[in-house]
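Structure first, commentary second.
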Amino acid sequence: MSILINEDTRVLVQGITGREGSFHTSKMIEYGTKVVGGITPGKGGEQSIHNLPIYNSFSIAKNETNANASVLFVPPRFALDAALEAIEA
């Protein structure tokens, strides 16, 4: 299996408003990653500290941003659901 990431990759950050998600999003943006938004249930319609839109679900975010990659920064008890949500979308 190969993973191809290039300048056309559009990333959604699941858990963008948490401590780890926020920190690593900042680092990804500094590195030049094209982060297009984040997902935090209950905070949809807000903006992250990075001026990125926040969505309530991955499927909504994917449809609005045309994202083609995801990264997870969620508590362990939510990781499986977050991963399955991204896979299904």
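A few points about this structure:
- Any hit, the range 5-18, residues being without any contact (Cβ under 8 Å) to a residue 40 or more places away in the chain, among the hydrophobic types (A, V, I, L, M, F, W, C) and over 21 Å from N56 (Cβ atoms): no
- Verdict on E30 being of a type in the set (D, E, K, R) and touching a residue at least 24 places away in the same chain (Cβ under 8 Å): no
- Flag if K34 is closer than 18 Å to A82 by Cα, surrounded by 12 or more Cβ atoms within 10 Å (Cβ to Cβ) and either at pLDDT 95 or above or of a type in the set (G, A, S) (or both): no
- Every test in (1) on the phi < 0 side of the Ramachandran plot; (2) small (G, A, S); (3) surrounded by 15 or more Cβ atoms within 10 Å (Cβ to Cβ) is passed by S26 save one, and that test is (3).
- Pairing residues of the range 44-64 that are closer than 19 Å to A83 by Cβ with residues that are loosely packed, with under 14 Cβ neighbours inside 10 Å and of a type in the set (V, I, T), at Cβ distances under 9 Å and at least 6 apart in sequence or on separate chains, gives no pairs at all.
- Residue match in the range 19-36 (condition: assigned to a strand (DSSP E or B), within 17 Å of K62 (Cβ to Cβ) and not charged (D, E, K, R)): yes
- Within the range 38-89, the residues that satisfy the criterion of being at negative phi, out of contact with any Lys or Arg (no Cβ under 9 Å at 6 or more places or on another chain) and small (G, A, S) are G38, G44, S48, S57, S59, A61, A79, A82, A83.
- Among the conditions (1) out of contact with any Ser or Thr (no Cβ under 7 Å at 6 or more places or on another chain); (2) in a loop (DSSP other than H, G, I, E, B), the only one that H50 does not satisfy is (1).
The values are calculated or read from the model by the stated rules, or taken from the named source; none is laboratory data. Not measured: the values here are computed from a predicted model. So basically every Cβ, Gly included, is an ideal-geometry build from the backbone, and we count neighbours across all protein chains shown.
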